[in-house]
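First the structure, in the form of structure tokens, and then the observations on it.
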Amino acid sequence: MVKAVAIVVALALAMVVAMSVGRVSANCNIALLAVCKTAVIGGLKPTVTCCSILRAQEACLCKYQKDPKYGMYINPARKMITSCGMAIPNC
């Protein structure tokens, strides 16, 4: 279960990072995206909380995408990102 949470968080963060090229935030914390797990892994609609945290982490998405531990989750998180009304990042 912890691994699944890490995967979801990584996906969400990677997408946020990709959307905010060049911006860096002191608040980057991929663990916060654990609330998005069902949206990424299960393909369910993201919750309001998930979208809120994803938006707050937007400046971190490119950073997460470039991290080998999380970059592979970018594609699965695309639907979640767009469901939150965000654009897919271009890092």
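Values quoted throughout were computed directly from the atomic coordinates according to the rules given, and no laboratory measurement underlies them. Given the structure is predicted, the values throughout are model-derived calculations rather than measurements.
Observations, loosely collected:
- Integer Hz, Karplus 6.51/-1.76/1.60 couplings in order for the stretch 60-65, x for Gly and Pro: 9, 4, 5, 4, 5, 4
- Across q = 0.12, 0.16, 0.20, 0.29 Å⁻¹, the stretch 24-84 modelled as identical point scatterers on its alpha-carbon atoms has Debye log10 I(q)/I(0) values of -0.24, -0.44, -0.71, -1.44, in the order of the q list.
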